[in-house]
Amino acid sequence: MNPIRPIYSSLLYAACPLAMLYLLKRARKQPEYKLHWSERFGLASYPKPKSSRVRIMIHAVSVGETRATETLVEAILKKWPQVDIIYTHMTPTGREVGEKIARRYGDRITQSYLPYDTPFAVKRFLQQVRPSLIIMIETEVWPNLTFYAKKKGIPLILANARLSERSLKKGKKVRALIKPAMQRLDITLAQSEADAERLREAGCDPVVVLGNLKFDFTPNLPQLRTAIELRKLLQRPLVLFASTREGEEERFVKLIEKQEKDGSGPKPLWLIVPRHPQRFEQVRKLIEDHGLTVAKRSNLRDWRTVFGANGPQVILGDSMGEMNFYYALADVAVMGGSFGPYGSQSVIEPCGIGVPLIVGPSIFNFQTAIEEGKNEGALLQVKDEDDAMRAVEELLEDKAKREALSKQALLFSEKKRGATKKTMAVIDEILSGGEGDEE
């Protein structure tokens with residue numbers, strides 16, 4: 001018997017009070033963290049499946065993972081009327097996105113937080129939820145969840161799987177714990193060949209490359225139509241800083257302030273959309289502290305008031321679920337998370353909408369997509385914030401280059417579609433082989 005997992009479990013039990021303190025701390029800025037605590041610690045009455053239905057559990061940690069599953073969820077529920085889905089998450093924002101998807105399908109989708117990976121919580125969760133199949137998205141492989149699911153005969157799929165070199169190195173430090181968890185997976189569906197190689201090294205077998213589910217997304221058409229109409233009212237170019245992370249806004253705001261004061265180059269309307277809603281007010285204050293005028297998206301009723309030359313210098317995108325709208329509104333977008341130690345936010349959505357895109361040096365979370373996109377002329381990569389601002393200026397002055405980037409981004413996105421159909425074939429094969437142990 002491998003003694004590592006019991007030691008890991010003991011440490012998790014000991015850490016539960018710290019987890020409570022962590023949730024309270026997060027709740028100061030994001031009150032949603034106060035909700036559903038019983039689910040996180042295995043004390044809830046979890047939603048049971050309908051007696052006439054097979055249940056698939058999809059674990060999507062946060063916003064990005066949940067959005068990646070949207071086309072897959074639609075395909076599953078359309079193909080199999082006898083199937084229902086339980087969505088599990090770890091963050092309130094992921095749960096919120098999942099709730100919006102769930103509303104379209106009535107009682108066929110239920111939601112819960114996945115409990116922390118203690119034996120007590122995991123066993124109680126699986127006993128009540130009774131999934132016939134567990135699909136984990138991207139990198140979420142938990143030692144006790146995989147152990148007890150395997151013990152109950154529940155098939156495990158790691159879908160849309162990715163593993164950066166950085167994460168692989170971290171995993172090697174606890175290889176005795178992580179490798180057995182990876183080996184319990186029935187199959188791993190990797191995003192790319194590079195991911196597949198790293199996943200095999202981590203212990204996954206078999207691994208097949210199916211591509212990235214996120215490329216199969218369908219843009220929000222009402223948001224696109226609204227943006228297209230509003231663009232007709234723009235009297236100056238609009239530059240979007242998308243899904244920015246802590247530290248990035250300050251550096252870019254300083255550069256905006258400098259450009260506004262210098263009087264050189266174009267004077268665009270700057271749109272900053274922070275990645276996390278709990279930081280909206282902090283970023284608004286930062287913008288004002290640098291002497292820039294700012295309008296909050298949440299207060300806007302008539303966009304014409306901000307589009308003119310005498311409008312505010314910056315718009316703060318303090319809303320959730322409108323990234324399609326923001327991308328379609330922009331002449332140029334700069335990708336957040338790629339100028340700090342965050343590995344970039346997803347470039348797939350902006351490429352699929354066709355906005356000219358600039359990405360910074362930190363790309364480990366989306367390395368394959370960014371490198372392939374760069375090679376195909378679908379986006380630009382720069383070395384730092386100063387370089388990004390120079391690239392923005394060049395693109396604003398060169399309409400032909402903007403149009404070429406937009407065209408290549410759309411072609412690149414179309415070329416990469418198809419992972420949902422391939423993933424469905426794998427799920428079909430597993431479900432047709434049996435429904436697992438529901439005791």
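Dividing the summed helix terms, -39500 (n - 2.57) for each DSSP H run of n ≥ 4, by the number of residues in the chain produces a 222 nm estimate of -14500 deg cm²/dmol to the nearest 500. Please give the FRET efficiency for Gln30 paired with Ala400, using the beta carbon to beta carbon distance and R0 = 51 Å, rounded to the nearest 0.05. Efficiency computed from Cβ-Cβ geometry: 0.70. When you restrict to C-alpha pairs under 8 Å that are six or more residues apart and normalise by the size of region 128-248, the relative contact order lands at 21 percent. Tell me the relative contact order for the chain as a rounded percent, counting alpha carbon contacts under 8 Å between residues six or more apart. It comes to 14 percent, rounded to a whole number. In this simple spin-label approximation, Val208 and Asp107 carry label points 7 Å from Cα along the Cα→Cβ vector, and these lie 3.5 nm apart. Express in whole angstrom the spacing between the alpha-carbon centres of region 116-175 and region 190-267. About 29 Å separates the Cα centre of region 116-175 from the one of region 190-267. Counting only protein heavy atoms, what percent of the accessible surface of region 195-337 is carbon or sulfur at a 1.4 Å probe? Answer for region 195-337 is 48 percent, counting heavy atoms of protein chains only. When both region 16-95 and region 319-397 are represented by their alpha-carbon centers, they are found 29 Å apart.
Per residue, the solvent-accessible area of the chain (1.4 Å probe, heavy atoms of protein chains only, all protein chains present) comes to 44 Å². Each Cα pair of the chain feeds into the Kirkwood radius, which the Stokes-Einstein equation turns, at 4 °C and 1.567 mPa s, into a diffusion coefficient of 56 µm²/s. Taken about its Cα centre, region 44-132 carries a charge dipole of roughly 360 debye when the Cβ of each Lys and Arg holds +1 and the Cβ of each Asp and Glu holds -1. Counting only trypsin sites (Lys or Arg not before Pro) that sit in a DSSP loop (anything but H, G, I, E, B) with at most 11 other Cβ atoms within 10 Å, what is the longest stretch of the chain containing none of them? My reading of the result: 1-172 is the longest stretch. For the residues Leu21, Leu316, Leu230, Leu380, a 1.4 Å probe over the protein chains yields an accessible-area ranking, largest first, of Leu21, Leu380, Leu230, Leu316. A probe of 1.4 angstrom, applied to the heavy atoms of all protein chains, finds Ser319 with accessible area near 30 square angstrom. When +1 charges are put on Lys and Arg Cβ atoms and -1 charges on Asp and Glu Cβ atoms, the dipole computed for the chain relative to its Cα centre reaches about 1080 debye. Given their separation in residues at 0.36 nm each and the Cα-Cα distance between them, Ala309 and Glu246 gain 19.8 nm when the chain is fully extended. Rounded to 0.05, the FRET efficiency of the Lys170 and Glu288 pair, given R0 = 35 Å and the Cβ-Cβ distance, is 0.35.
Computed with a 1.4 Å probe on the full set of protein chains, the accessible area for Cys16 sits at about 30 Å².
The portion of the accessible surface of region 342-439 made up by carbon and sulfur, rounded to a whole percent, is 45 (1.4 Å probe; DNA, RNA and ligands excluded).
Under the criterion of Cα pairs below 8 Å and six or more residues apart, the relative contact order for region 241-299 equals 45 percent.
The values are calculated or read from the model by the stated rules, or taken from the named source; none is laboratory data. For clarity, every value in this text was computed on a predicted model and none was experimentally measured. Reconstructed Cβ throughout: ideal geometry from the backbone, glycine too, with neighbour counts over all protein chains shown. Surface accessibility is based on the protein's heavy atoms, side chains included, excluding ligands, DNA and RNA. Shrake-Rupley method; radii C 1.70, N 1.55, O 1.52, S 1.80 Å.
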